[in-house]
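In what follows, a single structure is set out as structure tokens and then discussed.
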Amino acid sequence: MIREGLTFDDVLLVPQHSTIKSRSEVDISATLCGLKFKHPVIPANMKTITGLEMGFEICKSGGLAIIHRFMPIEEQLFIANHLIDTFGDRGVCISLGGQNEDLPAFHKFLEAGVRNFCIDVAHGDSAQCIQTLKNMRALNEQVFIIAGNVATGEGARRLWEAGASAVKVGVGPGSLCTTRIETGNGVPQLTALMDVAQVQKQLMELERTKATTYKRQFPIIADGGIKSAGDLVKALCFADMVMVGNLFAGCVETPGEIMNIDGRSFKHYVGSSTHKTNHVEGVAAIVPAKGKFGDILAKLLEGLRSGCSYQGAHNLVDLRDNPEFIRITNAGLKESHPHDVILK
Ligand code: XMP
């Protein structure tokens, strides 16, 4: 039997009775294993998104800054030191590859005071990535390690069992990804998140029955395919935080210069796999220059607050409590967008 896979545009959240008087009442803070953030939006750890300047803005917003790995280790260290000196270590995370060659870098970052890491691999549910994760865990039990990406519940379980603090979910949903076209592999993002959330539930239930007072948590980060605040709300029905690339591509603070083409301003937005020399599963693109990160984030978070209030959710934990989705048709999707008007 072939299962059906759904993504954000296939569904809508059914509005629920709400006692929320104003959107500002909604608490959108997010917690990952005791690390608390003011909002759940993580700009993507991509070369054209999160360098020093974006890292600074993200930390300033109270979010989690995951510095990309497509630069020399010295540069990553420089950025980490700068951010840690300014903001402390809680919101600063460094990306690493998933091979044993990445272990010396891990060690260096540990010595520099970095406490949060992100193992950033296209196919996180691979023996090599899992072994690297285990080796990192063996070096340090305490640090926070995000591992991914996976698209299945069992893949997520393997990463959690190998010592991941949180797993990142998404194989092929990203706006620049061609993984699904080039390899035929992937899971539509909403279904991937639902499958991982089901395993998360099982693991939490198991944890609850243990006699220990410390209860391990199993956070999920949704990664890729977010086109709007609406998608963000849908993703947060299953995930604790959400990684967003495209919506921030073209921000003033992203790495790279603004280009002028026919009187309009653009910036580069480039798929991470294009930095490799072997099989490439992404594209390089340009996007319109967009203004400041803080303004775009604020708009996104307003949408998130509104989405929570339609759900009667006072916070993001409420939002994950049994959301009711409805499957929509192409006609429903058409009806959802502005229609029968001429946009100004
Ligand atoms: P959005 O949709 O927000 O997605 O632009 C950002 C996420 O896309 C992933 N990514 C890639 N996936 N090939 C891929 O298959 C690539 O070259 C590539 N580059 C980025 C990544 O998970 C990012 O956070």
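The values are calculated or read from the model by the stated rules, or taken from the named source; none is laboratory data. Computed from a predicted model, the values in this text were never measured in an experiment. Cβ atoms come from the backbone with ideal geometry, glycine included; neighbour counts cover every protein chain shown. These accessible areas exclude ligands, DNA and RNA; they are computed on the full protein's heavy atoms, side chains included. Shrake-Rupley method; radii C 1.70, N 1.55, O 1.52, S 1.80 Å.
Some notes on this structure:
- Segment 87-106, subset in contact with a helix residue (DSSP H, G or I) (Cβ under 7 Å, 6 or more places away or on another chain), in a helix (DSSP H, G or I) and not aliphatic (A, V, I, L, M), residue nearest to Val270 (Cα to Cα): Asp102
- Candidates Gln198, Gln189: the one that is among the polar types (S, T, N, Q) and surrounded by fewer than 16 Cβ atoms within 10 Å (Cβ to Cβ) is Gln198.
- Only one of the numbered conditions (1) over 15 Å from the mean Cα position of the chain (by Cα); (2) hydrophobic (A, V, I, L, M, F, W, C); (3) in a helix (DSSP H, G or I) is violated by Leu190, and that is (1).
- Meets criteria (over 20 Å from the mean Cα position of the chain (by Cα) and more than 21 Å from Leu64 (Cβ to Cβ)) for Leu103: yes
- Filtering segment 104-138 to residues that are within 25 Å of Thr31 (Cα to Cα) and of a type in the set (S, T, N, Q) leaves only Asn116.
- Test result for His339, over 26 Å from Pro219 (Cβ atoms), touching an Asp or Glu at 6+ places or on another chain (Cβ under 9 Å) and assigned to a loop (DSSP other than H, G, I, E, B): no
- Members of segment 261-303 found to be away from the ligand (no atom under 13 Å from the Cβ), in contact with a strand residue (DSSP E or B) (Cβ under 8 Å, 6 or more places away or on another chain), among the aliphatic types (A, V, I, L, M) and part of a helix (DSSP H, G or I), listed by number: Leu297, Leu301
- From the list Met54, Met71, the one residue that fits, being under 24 Å from Ser175 (Cβ atoms) and part of a helix (DSSP H, G or I), is Met54.
- Selection within segment 304-322 - open to solvent by 30 Å² or more (accessible area, probe 1.4 Å) and part of a loop (DSSP other than H, G, I, E, B): His314, Arg320, Asp321, Asn322
- For the residues Leu333, Leu300, the requirement of being surrounded by 14 or more Cβ atoms within 10 Å (Cβ to Cβ) and closer than 30 Å to Lys21 by Cα singles out Leu300.
- Residues that are open to solvent by less than 10 Å² (accessible area, probe 1.4 Å), more than 10 Å from the ligand (Cβ to nearest atom), more than 21 Å from Phe325 (Cβ to Cβ) and not in a strand (DSSP E or B), drawn from segment 219-256: Pro219, Gly250, Thr254
- Residues that are within 16 Å of the ligand (Cβ to nearest atom) and either over 28 Å from Leu316 (Cβ atoms) or open to solvent by less than 40 Å² (accessible area, probe 1.4 Å) (or both) do not occur anywhere in segment 74-82.
- Residue match in segment 69-90 (condition: touching a residue at least 60 places away in the same chain (Cβ under 8 Å) and in contact with a Lys or Arg (Cβ under 7 Å, 6 or more places away or on another chain)): yes
- Cβ-Cβ under 9 Å pairs, at least 6 apart or on other chains, segment 27-48 side aromatic (Phe, Trp, Tyr), far side within 16 Å of the ligand (Cβ to nearest atom): Phe37/Gly63; Phe37/Leu64; Phe37/Met241
- In the set (1) modelled with pLDDT under 95; (2) touching a Leu at 6+ places or on another chain (Cβ under 9 Å); (3) open to solvent by less than 70 Å² (accessible area, probe 1.4 Å), the condition left unmet by Lys290 is number (3).
- Each residue in segment 1-31 was checked for being out of contact with any Gly (no Cβ under 6 Å at 6 or more places or on another chain) and part of a loop (DSSP other than H, G, I, E, B), and 16 pass.
- Members of segment 37-49 that are crowded, with 21+ Cβ neighbours inside 10 Å and out of contact with any helix residue (DSSP H, G or I) (no Cβ under 7 Å at 6 or more places or on another chain): Phe37, Ile42, Ala44, Asn45, Thr48
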